[in-house]
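One structure is given here, and the rest of the page talks about it.
The values are calculated or read from the model by the stated rules, or taken from the named source; none is laboratory data. It should be emphasised that the depicted structure is a prediction, and the values quoted were computed from it without experimental measurement. Glycine gets a Cβ as well: all are built from the backbone with ideal geometry, and neighbour counts include every protein chain shown. Calculation scope for accessible area: heavy atoms of the full protein, side chains included, ligands and nucleic acids excluded. Shrake-Rupley method; radii C 1.70, N 1.55, O 1.52, S 1.80 Å.
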Amino acid sequence: MHNALLQTVADLNLKNKAYATAIIVRRKIPSSGKPGDKAIITADGQIFGWIGGGCTRGIVLKEALLSLQDRKPRMVHISPDVQDVIDGNTKLYRMTCQSGGEVEVYIEPVLPTPQLLIFGNSHIAMALAKIAKAMDYKVEVVLSATDESGFLGVDKLMTLDQFAPQEEQMNQYVIVCTQGERDADALHHALSINSNYLSFVASRRKASAIYHELRQMGTTFDQLKRIKTPAGLDIGAKTPQEVAISILAEVIQDFRAEKETDSSTETSLETTMVNQDYYINPVCKVPVLKSAAKHIVEHHGEKVYFCCDGCKVNFEKAPEMYV
């Protein structure tokens, strides 16, 4: 991997950001990409490195972003003569560029490590922070009291009064371990975060009483449904350390689970891409960077962007088929 790509990877890892790696493993000329060519694709659609142009670039971008959503690697086969089936793990795309060529690309997601946001000063909160840091997770703690002594080595400490809503982060897990210290206030703040997981360390009976307080604070029933209680997997845990391990086991279970995707996932991805500097090519349904597009047609007063000459020609023959 070239120095520039290595630096990009180092920067993304330092910031705990998600990205996908793509490498060409096979090609037939005249495809411009060569075996060994690599690229890094970030979650916001930036591409660093070289993976080919035209159809290949757009297809790799689309599949890289999907891999970050379903957390699965994939082989992508792009060819003018698409076979019905190569194998169950290969995604097939037709090469629409008039120049032809064939390429296979391996794409693998690299996900940020889980980030724990812990509310509370309890012994369970202390054990959870200590074990999570030993696993090299990022840990932030929101204190319900002023004693910081039990949280040495965490990434960030703040009080409940200092807490402010945070920007959405991938793989963020929120655990409320206040155990009698401003429980409702802590849960109210925790519900403001769009996290992968939100749990409350409490019995169902106690949780029900706290939920009643939250309802009086304006929390909706749909918001309350997000809260998992009791927290953690049922492993018969008794001590604070055992409870912490049961919670981390549930975090790992969610973090490592492969996410199923369907047509709605691709629709959501297309909507996100259109809101950026991308346009979804109506012929092959892959994203095109508008600012760099070479093949553009004006249709009924609107610009239509294409990844290659082949898509542009097919559109011009029968535009009503595509828009």
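Quick notes
- Screening 66, 14 for residues that are open to solvent by less than 60 Å² (accessible area, probe 1.4 Å) and not charged (D, E, K, R) leaves exactly one candidate, 66.
Every residue, every condition in (1) in contact (Cβ under 8 Å) with a residue 60 or more places away in the chain; (2) of a type in the set (Val, Ile, Thr); (3) open to solvent by less than 40 Å² (accessible area, probe 1.4 Å), yes or no:
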residue	(1), (2), (3)
161	no, no, no
190	yes, no, yes
193	yes, yes, yes
200	no, no, yes
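- Evaluation of residue 286 against (1) modelled with pLDDT under 85; (2) among the hydrophobic types (A, V, I, L, M, F, W, C); (3) farther than 30 Å from residue 68 by Cα (one fails), failing number: (3)
- Filtering 72, 34 for residues that are within 17 Å of the chain's Cα centre (by Cα) and assigned to a loop (DSSP other than H, G, I, E, B) leaves a single hit, 72.
- Considering the stretch 161-214, and only residues there that are among the hydrophobic types (A, V, I, L, M, F, W, C) and assigned to a helix (DSSP H, G or I), the residue that is nearest to the chain's Cα centre (by Cα) turns out to be 190.
- As a summary of the residue check, residue 171 satisfies the conditions (1) on the phi > 0 side of the Ramachandran plot; (2) surrounded by fewer than 16 Cβ atoms within 10 Å (Cβ to Cβ) except for the one numbered (2).
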